[in-house]
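A short write-up of the structure that comes next.
The values are calculated or read from the model by the stated rules, or taken from the named source; none is laboratory data. Source: prediction; values computed, not measured. Here the Cβ is made from the backbone with ideal geometry for all residues, glycine too, and neighbour counts use every protein chain on show. For the accessible areas, the whole protein counts, side chains as well, though only heavy atoms, and no ligand, DNA or RNA atoms are used. Shrake-Rupley method; radii C 1.70, N 1.55, O 1.52, S 1.80 Å.
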Amino acid sequence: MAARRISSLLSRSLASSPALLSKGRRPSGSRTTGKYSTSAAVEDPITPSVKVNYTQLLINGQFVDSVSGKTFPTLDPRTGEVIANVAEGDARDIDLAVSAARKAFDDGPWPRMTAYERSKILLRFADLVEKHADEVAALETWDNGKTYEQSAKLEVPMFVRLFRYYAGWADKIHGLTVPADGSYHVQTLHEPIGVAGQIIPWNFPLLMFAWKVGPALACGNTIVLKTAEQTPLSAIYVAKLLHEAGLPAGVLNIVSGYGPTAGAALASHMEVDKLAFTGSTETGQIVLELAAKSNLKPVTLELGGKSPFIVCEDADVDKAVEMAHFALFFNQGQCCCAGSRTFVHEKVYDEFLEKSRKRAANRVVGDPFLGGIEQGPQVDGEQFKKILRYIKSGIEGGATLEAGGERFGSKGYYVQPTVFSNVKDDMTIAQEEIFGPVQTILKYKEVEEVIRRANASRYGLAAGVFTQNIDTANRLTRALRVGSVWINCFDIFDAAIPFGGYKMSGHGREKGIYSLSNYLQVKAVVTPLNNPAWL
């Protein structure tokens, strides 16, 4: 996918794409979902037509039950009801998966086939995902709660683009010939690192699968991937398609399970050569410690954020309101890089606040399988309750509740789009990652002031800047201590653009050429030259 604004993709109505609506059953009678109304869209959810056929662990190319025989339920966030019971892996299953991945790396064909052959398998996989796009998107929405429009029109195409991007890299990974002082031929080899352990989060299950599995496979590694217990279904399904595309057995192993059991076992496993984790900063610290205390395996971490979105005094207020709204509320606010601290210059603060309040009040919440829906439910009951606790904290802390603040409907995990004004930097809602549809709007006066306040966070994942002044944009771009700065846009996630954070938002980069170094070792090879013709 070329670099395009995600918001522009999401602005298209599902009504223009009847095929997307065919994946769910409309109860009798056409209905429209009204803003802030407890409509049938919430109380009587659509039944997705997709069937859940894969709920086991995938180890050494085979679907198997967990060693313990245990399962856990994955829930429909629209209702809290069980979609399916999924095999619950633990340390014993991780051992089996790592053994399969180790054997596939040490003795199997994957790292030994030509890079071009690996790229062809990845390209076939991308084609298969495109062929089954409706099923993949429906599983993602059903298990996660994000709108079907987002899954089908944005995330599945982006998933396909990422794998085609990494397929293109597979046969372009190479070392260097290095001049040295003396009669030596020196070359560097870029070798696959070995068995990669990967732990993905629940907010973007498909895309995080692609961000991690794509570069690891392109470099010739084998993988054990642990899915989030809240959203295991789409990863299992696409892993099955990857094997259909020709991936050898044992190269990709999928273990569903919980963090303290399966996740901890993977992070501390002595036969895992590399670990990649996306999730909360607190869990990332645990993962890093386990990796260090085991075999000191290198770790890539993509963690939490509290990203500033800075609206300057010269901004087009209407456009800034819409972009700030998107930066926060996209994906039900469940984005690590969400623009969750909206800093607005005092000269435009009042106008911005009033328009932001109205925009939030007009946001359409409902069954994510319906057309025209902007916001579905939060992923599960735990996240739902956490968000409501933060809203209560904001009210009790002295912020002004401008919109929302309560659950939406009486069924499932829906939260009203919420806006706070008069937010101070020391308030909990301005410091901690809420991970929900809660916008906090803060006032500032000078550029130096907003730089200082924006940087006064333990996080450093991303930032947005809205200004018409190129000098202001350049000044802020270089001053903000974050991994990504979006100028007059937000959430541009092209396959080639690196993503990662400063400070406690993690280390290492996902996507683009930078992600390949996460899965490669560099080896120097030095050979003496006897009477060389030249050096």
Residue match in the range 123-135 (condition: farther than 30 Å from Phe330 by Cβ, surrounded by fewer than 24 Cβ atoms within 10 Å (Cβ to Cβ) and in contact (Cβ under 8 Å) with a residue 40 or more places away in the chain):
yes
Those residues of the range 215-229 which are more than 14 Å from the chain's Cα centre (by Cα), of a type outside the set (A, V, I, L, M, F, W, C) and either over 15 Å from Ile94 (Cβ atoms) or surrounded by 24 or more Cβ atoms within 10 Å (Cβ to Cβ) (or both) amount to Pro215, Gly220, Asn221, Thr222, Lys226
So Val98 passes all but one of these: (1) open to solvent by less than 30 Å² (accessible area, probe 1.4 Å); (2) not assigned by the TED database to the domain that holds Tyr258. Which condition number does it fail?
(2)
Selection within the range 100-141 - among the acidic types (Asp, Glu) and not in a helix (DSSP H, G or I):
Asp107
Assuming Glu433 fulfils every condition listed in (1) closer than 23 Å to Glu402 by Cβ; (2) open to solvent by 50 Å² or more (accessible area, probe 1.4 Å); (3) of a type in the set (Asp, Glu) apart from one, which condition is it?
(2)
Which residues, counting only those in the range 150-198, are part of a strand (DSSP E or B), touching a residue at least 24 places away in the same chain (Cβ under 8 Å) and either open to solvent by 50 Å² or more (accessible area, probe 1.4 Å) or small (Gly, Ala, Ser) (or both)?
Val178, Tyr184, His185, Gln187, Leu189, His190, Glu191, Ala196, Gly197
Out of Ser66, Ser11, sole residue that is hydroxyl-bearing (Ser, Thr, Tyr) and either at pLDDT below 95 or surrounded by fewer than 18 Cβ atoms within 10 Å (Cβ to Cβ) (or both)
Ser11
Kindly indicate whether any position in the range 142-149 is open to solvent by less than 10 Å² (accessible area, probe 1.4 Å), in contact with a Lys or Arg (Cβ under 8 Å, 6 or more places away or on another chain) and not in a helix (DSSP H, G or I).
yes
Where a residue in the range 212-233 is assigned by the TED database to the domain that holds Glu135 and modelled with pLDDT under 95 and its partner, wherever it lies, is among the small types (Gly, Ala, Ser) and outside any strand (DSSP E or B), with Cβ under 6 Å and at least six apart:
none
Subset of the range 355-383 that is within 24 Å of the chain's Cα centre (by Cα) and open to solvent by 20 Å² or more (accessible area, probe 1.4 Å) - its residue that is nearest to Glu433 (Cα to Cα)
Glu382
Scan the range 352-367 residue by residue and report those that are under 30 Å from Ala138 (Cβ atoms), assigned to a helix (DSSP H, G or I) and among the charged types (D, E, K, R).
Arg359
Counting only residues that are part of a loop (DSSP other than H, G, I, E, B) and more than 27 Å from the chain's Cα centre (by Cα), which one in the range 428-446 is nearest to Pro45 (Cα to Cα)?
Lys445
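Yes or no, residue by residue, for (1) in contact (Cβ under 8 Å) with a residue 24 or more places away in the chain; (2) on the phi > 0 side of the Ramachandran plot:
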| site | (1), (2) |
| --- | --- |
| Ile236 | yes, no |
| Pro248 | yes, no |
| Ile254 | yes, no |
| Lys274 | yes, no |
| Gln285 | no, no |
| Glu302 | yes, no |
| Gln332 | yes, yes |
Can you pull out every residue in the range 258-295 that is surrounded by 22 or more Cβ atoms within 10 Å (Cβ to Cβ) and either modelled with pLDDT under 95 or part of a helix (DSSP H, G or I) (or both)?
Ala262, Gly263, Ala265, Leu266, Ala267, Gly284, Val287, Ala291
Can you find a residue in the range 113-122 that is under 30 Å from Gly412 (Cα atoms), open to solvent by less than 10 Å² (accessible area, probe 1.4 Å) and of a type outside the set (D, E, K, R)?
no
Strands (runs of 3 or more DSSP E) enclosed by the range 447-535 - at least 1 residues per element that are open to solvent by less than 10 Å² (accessible area, probe 1.4 Å) and within 30 Å of Phe277 (Cβ to Cβ)
462-466
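To keep it simple, each residue is scored yes or no on (1) open to solvent by less than 10 Å² (accessible area, probe 1.4 Å); (2) closer than 26 Å to Pro205 by Cα; (3) free of Cβ contacts under 8 Å to residues at least 24 places away in the same chain.
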residue	(1), (2), (3)
Lys392	no, no, yes
Phe408	yes, yes, no
Tyr414	yes, yes, no
Ser421	yes, no, no
Return a yes/no flag: does the range 391-400 have any residue that is part of a helix (DSSP H, G or I), over 19 Å from Cys489 (Cβ atoms) and of a type in the set (Val, Ile, Thr).
yes
Residues of the range 392-424 being out of contact with any strand residue (DSSP E or B) (no Cβ under 7 Å at 6 or more places or on another chain) and of a type in the set (Asp, Glu), in sequence order, are Glu396, Glu406
